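Structure record follows, encoded as C-alpha cells.
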Amino acid sequence: MSSLSRELVFLILQFLDEEKFKESVHKLEQESGFFFNTKYFEEKALAGEWDEVEKYLSGFTKVDDNRYSMKIFFEIRKQKYLEALDRNDRAKAVEILAKDLKVFATFNEELYKEITQLLTLENFRENEQLSKYGDTKSARTIMHTELKKLIEANPLFREKLAFPSFKASRLRTLINQSLNWQHQLCKNPRPNPDIKTLFLDHSCSASNGARALTPVNLPVAAVARPSNFVPLGVHGGPFQPSAAPAPNANALAGWMANPNPSSSVPSGVVAASPFPMQPNQVNVLKHPRAPSNSLGLMDYQNADHEQLMKRLRSAQTANEVTYPGHSHPAASLDDLPRNVVSTMRQGSVVISMDFHPAHHTLLAVGCSSGEVTLWEVGSREKIVTEPFKIWNMAACSVIFQGSIVKEPSISVTRVAWSPDGNLIGVSFTKHLIHVYAYQGSDLRQHLEIDAHVGCVNDLAFAHPNKQICVVTCGDDKLIKVWDLSGKKLYTFEGHEAPVYSICPHQKENIQFIFSTALDGKIKAWLYDNVGSRVDYDAPGQWCTTMLYSADGSRLFSCGTSKDGDSFLVEWNESEGALKRTYLGFRKKSAGVVQFDTTRNRFLAVGEDNQVKFWDMDNTNLLTTVEAEGGLPSLPRLRFNKEGNLLAVTTADNGFKILANTDGLRTLRAYEARSFEASKASIEMKVSTSAMVSSISPAIGKIEHMDTDSPARPTPVPNGIEVMSRTMEKPRNLESVDKSKALELTEIVDPTQCRQVTMPDSKDSVSKVARLLYTNSGVGILALGANGVQRLWKWSRNEQNPTGKATASVTPQHWQPNSGLLMANDVPENPEATVPCIALSKNDSYVMSACGGKVSLFNMMTFKVMTTFMPPPPASTFLAFHPQDNNIIAIGMEDSSIHIYNVRVDEVKTKLKGHQKHITGLAFSTALNVLVSSGADAQLFFWTADSWEKKKSSAIQLPPGKAPVGDTRVQFHNDQIQLLVSHETQLAIYDASKMECIHKWVPQEALSAPITSASYSCNSQLVYASFADGNIAVFDAESLRLRCRISPSAYMPQPTPNSAPIIPQVITAHPQEPNQLAVGLSDGSVKVIEPSESSRRWGMGVPVAGDKAGPENGRPSSSSAANNSSSDHIQR
C-alpha cells in the first residue's frame, strides 16, 4: 500500500472516531494493522474479554512471530487459565490448557507441566510463584503492565503505537478544499452554492444573467453535518482532545512524549492534534528490554510497578493547553530573608549546606577540605566538627587506595539530612560517601561506602518500598541506591556522561528519580531494572540541578551552559515542556550557578556576587541582595525548611545567615532561651555542687573526673547521670534544646485535640489486644482478644485529598462483599491467650494468632490463605524478617523463638534462653541482629544470620518488683537505638553496645503502670499509654516529657457502675509523626492528633523566671520540672 493510501486510512480512522463509529474504528485498526490502539487494548484486557483481545492482536502479530509475541500471547492465556481456576471452573481450565496453552509446550515443556499441575491444587496460590496472586482485578492490572512493556519492545509494533499528528477533522477539510476548487471551475459559480452530494463533482446550475467568476471560501459546514453530533472524543476513544491535564496527573508521561522542549517547532503544531502521543513515539527506551529467555510465571508482588506504569501512560495533547494556577497574594519583599544577622568563619571553602528538617537553626556544612561541621546558627557556635578520614581503608577498592595515596586531598561535594533528621549523608570527590547518625551533640559513624569510581557528584535520601535509602551518582555515569546497611539495591545505567545531580521524588505512591548529566541529558528512573523512562535535553545542555517545590507540586531546574549562559526554568511535568523561563541573569558566568526554593513561592539563585530572588509565578526578577558584600561571584545558598533563614557562602571561606522578620524572631527567641538555660544551668550546678560536697568532698570533685574512669557514676532513672560524656563539649544543640524551660502541655479537654473513633469498634466483650496502621497509612487494623481482626480505611475525597488516615474524617469499617471476618482459631479459655499480629510490607496479607494456629489472611478477601504452627506451644509474637518475607520469627508460649520458613513450611532453628513467653521481637538490618524480649523482663540479642546469642540483659526493675510483665521492643529509624517498654519504665538502649542509655519511670501525674509504647514514624517522639487512661508524649532523644493527654480529652465520662476503660495498645502513623492511634479495653479504637492550631504535640511556652503555675489553661507539672532538673544535673 502506498504512503498516501496509508495516510488515507489514518484520516478515515479519525473521521470514524469523530463520528463515534466505535466498532468500525477498532475493526479498521485491526484489519489495516497501521495503528495499535493501546487504550482500547487496555480496556479489553482489564475487562477480561480475552477473545476480543486475541482477535485485535492478530491484526498485528501471531504467536510464533518472535519471542516478544510469544510472551504476549502466553501472558494472556495464562491469565485466562488462572481466572478459570480461581472461580473453580475446572472444565474451562482444562479446555484452555489443551486448546490455548498447549502450543507453548514445545518451547518450554517444564513450564507447561508446572501449569498443568495447578489443576491438582485446591488453591493455585499454594504454588510458590503464585502465592502473591491477589484478586482478579489486580492480577489483570499487573498482567497489562507486563504486556505493555512487551508490546513497546516488540519490533513488529514499531511505529504503530503512535497516531500521526494532524489537525482535527482533517478529512472534512480536504473535502472542503476539493469542493472549493470544483466550485471555482464552475462556468456559472453562485455565491451560495447548494452542495447536496459528494458522489458527483460539484457544478452550479445555470442562472439568469451571467456572473463574474468569484472564488468562494466555503465553510467546513458546507459539508452537511447533523446537529446532534457528539463533541470529539466524548466516547472516551483514543482520539479525544483532552482538556488540560490535571495537575501532576501524569508526572512523567509528558517527558516521554515530547523529547525536545527547546525545539523551535511552534507548540501549536503539535497541540493542534487531538491524538495522544505514545511513549515509543520518541526513542526514550534506546535499548528495549528483552523478555526473559523462558516463559515464566509472573511475580504478582509488584503492585507498585503497576501503579507506576499507569502514571507513565502518554500524556494527551490538546488544542489549547492551560496550566494549573498557583495563586498567591502579591509577593512581599518582607517575606524574603534579606537581612544579614550573622557571619560565620568556616576556615575552608564551603561547598554544600543543608538545614535540619526540624531544628530550623541547625546547619550542616561540607567543605573543600573534606570536613563536615554542624553549626547552631542561633548561638553562632560549632556543635561538632568531623575532619575527613577513611573509616576502613581495607574495605575500600584498590583504585581508591591508589588514588588517595597519590593525591590525598579530598573535598565534600554534598551534605544532606535525611527527611527525619536522624542521618547526615556526605559525598566526596573520590569514591566515598559517609553516613553519620545524628544524636544531639554528636555525629556517630554509621556507614562508609566506596560508591563510585571517581567523584561522587551528588547524594540524596529516598524511601523506595518504604525503606530509607541513600541515592548517589558519579563520574562513572551511574546512579546507585543503597540501603542503610551498605547493600546496593539498584544500579541505573544509561547516561553517556558523568551524572551531575539527582532528584529523588514521590508523587502519590510512585517513587522515581530524575538525574542530569554533564552532556545536558535528563533521565527519569523508577526503582526497577527497566531503564530510563526519559531521554531529554536540559536548557544549556551542561550542568543542571533539579528541585521540587516544598509541597512537591512544581518542578524547577537551574543550570549553566559551557558558554556561561544560565537558565532557571519551571517544567510542566504533564507535558514534558518548559512552562516558564525566568529572566535576570547576566550574560556569562564563569562557573555553575546554584539555586534553591522555599515556601512553595520563591526561588533564589547565587550569581554575580549577589543573591537573586524570583516569585515562582513571575518570570521577572523580584529583587537582589548583596548581603553587605563579601560574596563570591557564584555564591552557594540554602533556605531552612521554614524559609525564614537563608545561608549564603562568602568569599573568605565562611557563610552568612540572612533572615526575614520571622527568622529574626526565631533567632532572638533562641538567644533568650539559651541565656535562661545557661543561667539555670549555673544555678543548678552551684546547688548540686553544694549538695554533693555536703555528702562527700571526694564526690564533690566528680565533674572533673575522666568520663572513662571506672569510678564514673552509674546511670540512674530517667537518664540522669551525675556526669555525662556531653560535658566534654561546652555548648551543643542538645543541651540548648533540653534546657528550654517549657511548661508541660496538658490536654484535658476534647477541644484541645482532634480525634475520631472508629465506627462499629466498641465491643465490651473483646478488648483491643493488638493495633497497627497499614504500611500505606490509609487504614488501621485491630486484633481483638477474641481473635477477630477489624479493618478501617479512609477514602480519598474533598475532605481528605490524600486518602491517608486522619482524625478529621471518619473512616469506613471495611469488609469484603462476602461478609467474611478475619477470625483466628481461639481456644476454649481465651483469657490466657496472647494475641499476636504482623502485616506484610505491601499490605496484601496479615498474619495473626490468638492461642491457636497462625493464620495468613488475604487483606482484600479476608480469606485464610494458609495456617501453620498449631499449638502447643502457642505463638505469642510474630515478626517478618526485614529482608526476606519468607522468614518469620515467631515467639512462643514456651519461651522459645522459632525461625520459620514459610516457603518450605519448616522451622529453621529454635532460639532458647528466655524463662517466660516471648512478648517482643525486633530486627535491625544495620546491626544484623534480632532482639527479643519476654515476660521475664529479659532482653536477648541474637545474630540475624547464624542465630547465635550475642548477649542477654535483664531490665532494671524497681526494688521488690518481680521480673514479670510484658516487655516490648522497637528499633529507632537509625536501626541502632532501641525502645524498650515495660509497665515499670521506658528505656532507650544503644543496641550496638547492648546497653541502656536513657530511662524514664512513672511518677507524679503519670504514676500508673505503662500499658504500651511506640516510636513516632520519624523516631523523634515516643508515645506511651498508661493504665489510668493517660497518654504521654516524650522526646525520643532524652525521654523528656512533652505532653500529657488526659483520659478526659478522648474518653467518655465514666458512669458510677461502669468498668474503667484502659488504653491497651498504642501505635503511630507510618507517615504522620504527630498522629497516634489507641486501642481501648472496651473494644473501641481512636485516632488522635494535635489541634489544627498547634499541629504538633507539646507546643509549650517559655517559663518566665521562677514563676510556676497554670498558664493558658495548661498547668505546669512537677514531672516536667523533675525531668528539667535532671537534665541540668546531667549537663
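The values are calculated or read from the model by the stated rules, or taken from the named source; none is laboratory data. Just so we're clear, the structure is a prediction, and the values are computed from it rather than from any experiment. Every residue, glycine as well, gets a Cβ built from its backbone with ideal geometry; the counts of neighbours run over all protein chains shown. Surface accessibility is based on the protein's heavy atoms, side chains included, excluding ligands, DNA and RNA. Shrake-Rupley method; radii C 1.70, N 1.55, O 1.52, S 1.80 Å.
The packing ranking, built from the mean of other Cβ atoms within 10 Å per residue, places the peptides 366-377, 483-494 in the order 366-377, 483-494, highest first.
Take the residue pairs 841/993; 430/588; 477/523; 767/916 and return only those whose Cα atoms are more than 20 Å apart. Beyond 20 Å between Cα atoms: 841/993; 430/588; 767/916. Using heavy atoms of the protein chains and a probe of 1.4 Å, the accessible area assigned to residue 661 is about 80 Å². In this structure residue 942 has an accessible area near 10 Å², from a 1.4 Å probe over the protein heavy atoms. When 386, 83 are compared by accessible area at a 1.4 angstrom probe, the order from most to least is 386, 83. Find out how many positive minus negative residues lie around residue 988, taking Lys and Arg as positive, Asp and Glu as negative, among other residues whose Cβ is under 11 Å from that of residue 988. Result for the neighbourhood of residue 988: -3.
Using a cut-off of 18 Å between alpha-carbon atoms, which aspartates and glutamates can reach residue 466, once sequence neighbours fewer than 8 places away in the same chain are excluded? Those aspartates and glutamates meeting the cut-off are 304, 306, 420, 483, 508, 528, 843, 884, 974, 1072.
Using a cut-off of 12 Å between beta-carbons, work out the net charge of the residues near residue 1095 (Lys and Arg +1, Asp and Glu -1, residue 1095 not included). Kindly include the intermediate steps, with their values, before the conclusion.
Details: positive: 754, 1096; negative: 1072, 1089, 1092.
Taking every other residue near residue 1095 into account, the sum is -1.
Taking every pair of alpha-carbon atoms in region 407-460, give the share separated by more than 12 Å as a whole percent. Present the calculation step by step, with values, prior to reporting the outcome.
Numbers: 885 of 1431 pairs.
When all Cα pairs of region 407-460 are counted, 62 percent exceed 12 Å.
Its Cα gyration tensor gives region 36-157 an equivalent ellipsoid. The semi-axes, each the square root of 5 times an eigenvalue, are 23, 17, 13 Å from largest down.
Give me the net charge of residue 352's neighbourhood, meaning all other residues with Cβ under 11 Å from the Cβ of residue 352; Lys, Arg count +1, Asp, Glu -1.
Details: positive: 414, 636, 638; negative: 354, 458.
Counting the neighbours of residue 352, the net charge comes to +1.
Would you work out if region 336-673 is rounded, prolate or oblate? Take a ≥ b ≥ c from the square roots of the eigenvalues of the alpha-carbon gyration tensor; rounded if a/c is under 1.5, else prolate when a/b is larger than b/c, oblate otherwise. Because its axes are fairly even, with a/c under 1.5, region 336-673 counts as rounded. Accessible surface ranking for 32, 342, 818, 1.4 angstrom probe, highest first: 818, 32, 342. From most to least packed by mean Cβ count within 10 Å, the peptides 467-473, 156-162, 143-149 give 467-473, 143-149, 156-162.
Solvent exposure of residue 636, expressed as accessible area, is near 80 Å², computed with a probe of 1.4 Å over the protein chains only.
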